[in-house]
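Below: the structure, in structure tokens.
Just so you know, all these numbers are worked out from the coordinates, no wet-lab data involved. All figures in this text were calculated on a predicted structure; none of them were measured in a lab. Every residue, glycine as well, gets a Cβ built from its backbone with ideal geometry; the counts of neighbours run over all protein chains shown.
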Amino acid sequence: MTELSPTDAAKDAAARAAVALVQDGMRLGLGTGSTAVFMVHRLAARIRAEGLRLRCAATSRATCELAGRLGIAIEELDEIGWLDLTLDGADEIDPDLNLIKGGGGAHLREKITAAASDRMVVVADPAKVVEVLGAFHLPVEVTPFGVETTRIHIQRLLDAMGMTQRPMLLRQRDGAIFRTDEGNLILDLSLDRIADPAALGRGLNAIPGVVEHGLFLGMCHLALIGSPDGSVIEL
Ligand code: 5RP
């Protein structure tokens, strides 16, 4: 087995600690991203070793496919109805456990899934812990219809809030415009510092054409921050 990089070892440590919270019979939400990949592998290993009976919903096609390859049966969220626990990654975590998510473009399904869960536990490496949200770009999922007018609305909101920002980028991947699992587009906002995440979230939610933004406020119950040496800190 190849040795993990320090960052991957930290992600795997967080993933191991998160999967230790899983109990037989639970209904689980499985997140998206590179840390979630470690979590899904760890979960598959526990299911194989202990024969856990779980009901699992995935937050993206990518996670659904990975889970399927590893032998984890995935159901639609609506088939399960409500979840006990969602395990997911994050791009930034502040001291109040507010998050920026959506680096992988899955934050719409991730937010719906977390909101349908009794608990959301985040798994991350130490680089994700910040004092103030905003150094990471804020992903905003928008409908393809009217994307340019939606962009104008967002710009006006940021101007009204006195938030300076660099150009709002339409996300690309592999040289093509990125489409979410729902077929929408993503505008990435480079804000540097989000002084009032709640006000920004409310403002974005009020714009027609905005489907969902990557601010997860008051949704995360516990963050498990792994270290390259295998230790884990709880926030
Ligand atoms: C996907 C997400 C991811 O959880 C977030 O981007 C963190 O990813 P990674 O674990 O690869 O750093 O929100 O939409």
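P(r) for the chain, from all Cα pairs and a bin width of 5 Å, is 1, 7, 15, 18, 19, 16, 12, 7, 4, 1, 0, 0 %, short bins first. Taking a spot 7 Å from the Cα of Ala49 along the direction of its beta carbon, which residues of segment 65-98 have an amide N less than 18 Å from it? Hits in segment 65-98 for Ala49 at 18 Å: 70-72.
In whole percents, the pair-distance distribution calculated for segment 118-175 from its alpha-carbon pairs, binned every 5 Å from zero, is 4, 12, 19, 20, 17, 13, 13, 3. If the chain linking Thr164 and Val147 were pulled fully straight, counting 0.36 nm for each residue of separation and taking away their Cα-Cα distance, it would gain 4.1 nm. In this structure, Arg193 and Asp24 have a Cβ-Cβ separation that, at R0 = 41 Å, corresponds to a calculated FRET efficiency of about 0.40. Considering all different alpha carbon pairs of segment 138-209, the Kirkwood hydrodynamic radius works out to 12.7 Å.
Under the criterion of Cα pairs below 8 Å and six or more residues apart, the relative contact order for the chain equals 26 percent. Take 64-76, 88-100, 189-201, 28-40 and order them by the average number of nearby Cβ atoms within 10 Å per residue, most first; the result is 28-40, 88-100, 189-201, 64-76.
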